[in-house]
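The structure appears right after this line, and notes come after that.
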Amino acid sequence: MSHHLDSPEARADARLNISDTYVFRGEHGTVFVMNVASDAAGQEKQNGFHPEARYEFKIDGTGDAVEDLAYRFTFAAPGADGTQTLELRRLVGADAADDEADGTVLLTGPAGEALGTDGNLRVWTGRAGDPFWMNPGVVHAVGQAFQHGTDVDVPAPDGSPVKSLFSGLKVRSIVLEVPDSDLLPFTNGERIGVWGVTALATDAGGWHRINRCGLPMVSPIFAQFDDELAERLNHSAPADDVATFTKEITDRVAAVVGARGTTSAPHAYGRAVAARVLPNVLPYTVGTPAVFGFAAFNGRALNDNAGEVMFSLVTNSALGIALGKEAVDAPPTPFFPYLAPVT
């Protein structure tokens, strides 16, 4: 899993669970993708996008892990035929971090259709094939190791083909393509940091953060069996990540690589990993091909093997998952909306 059903609140309503966030070069601009409402929760629990929630792409352009720009999606309640309408707002500067700010409406229209503006901004929201793949035995073993500070006990192959944990499953996807010219004025160059957020309206009139997703695999590695840590990862702000989580991630990585024997300086390696993954935002250089790799993170393409990259990073070893992009039964395309829509 990447961040599928990563906390009690996410499991309570999968429409609010961000399973994955992607950022990559599109046909005309920078593409942001947020996948929610995975079938992994059970198809009977999926009923479109939550009408009392916000789905936001947060963008930091100055390197301080504070959002300078945000794109906020909201959805109306489903009609009698199950269709929903959406509204997209843009918030800039201090408003990007302000739950009470209104921002500017960019477009409205029906979910499930390609929408756009005269300025070449494009949106598609709807049900799509999940582009993520994962070996269930490996992800379980990694989670256990980082929970208990032990070596990763990967199950031995039994001769049968490995099936992805998400084979045949679908998600609700939000795809936003933004002209680069809309992003660059908010940067100190061309580098941005991106994370997705879901929040639910409260009875008191405010907003309660449910999920946050920047880099892939952070929750399954460090908090797969630790709901308290998973909730803290979701509810914290990226600007607080270094102060809040550096020691915890350092210690967990040090315990595993020490048990695994992949370095003679486990705590030094743990600190290096913590510095690499904190703050938990997805970095990307606008206008460049996305590559989420062991050597560097530069966005995340829909077919990057993020699980294998992150497992190898945190264990300081070549930890494979015996699966590749061919494990996806509805592969993405190079054309908008990039994912594979399904009915």
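If one computes the Cα centroid of the range 56-103 and of the range 137-155, what distance in Å separates the two points? First find each Cα centre; the distance between them is then 37 Å. Among residues other than Asp98 with Cβ under 14 Å from its Cβ, the summed charge is -1 (Lys and Arg +1, Asp and Glu -1). For the range 235-343, the fraction of C-alpha pairs farther apart than 24 angstrom is 38 percent. The separation of the range 202-226 from the range 265-290, counted between C-alpha centres, amounts to 19 Å. The reciprocal of the average 1/r between distinct C-alpha atoms defines the Kirkwood hydrodynamic radius, which for the range 39-196 equals 18.6 Å. Kyte-Doolittle mean at least -0.5 and Cα extent at least 15 Å along the axis: which DSSP H helices of the chain qualify? Counting only whole DSSP H runs, the qualifying helices are 136-148, 241-260, 266-277.
Taking each residue as 0.36 nm, the span from Ala94 to Lys325 lengthens on full extension beyond its C-alpha to C-alpha distance by 79.2 nm.
Ordering Gly307, Gly119, Thr202 by the projection of their Cα atoms onto the charge dipole of the chain, which places +1 on the Cβ of Lys and Arg and -1 on the Cβ of Asp and Glu, puts Gly307 at the extreme positive end. Counting only the Cα atoms, the chain fills a convex hull of 130 Å³ per residue. Its relative contact order, with pairs defined as Cα atoms under 8 Å and 6+ residues apart, puts the chain at 23 percent. Annotation: aspartates and glutamates with alpha-carbon distance below 20 angstrom to Lys325 (same-chain offsets under eight excluded): Asp20, Asp39, Asp130, Asp304, Glu308. Counted by Cβ distance under 9 Å from Leu200, the other residues give a net charge of -1, where Lys and Arg count +1 and Asp and Glu count -1.
Taking Cβ atoms as reference points and 10 Å as the exclusive limit, the residues near Thr315 contribute a net charge of 0, counting Lys and Arg as +1 and Asp and Glu as -1. Taken about its Cα centre, the chain carries a charge dipole of roughly 680 debye when the Cβ of each Lys and Arg holds +1 and the Cβ of each Asp and Glu holds -1. The simple spin-label model puts a point 7 Å past each Cα toward its Cβ; for Thr246 and Gln144 those points are separated by 3.3 nm.
Values in this text are rule-based calculations from the coordinates and carry no lab data. Just so it is clear, the structure is predicted and the values come from calculations on it, not from any experiment. Every residue, glycine as well, gets a Cβ built from its backbone with ideal geometry; the counts of neighbours run over all protein chains shown.
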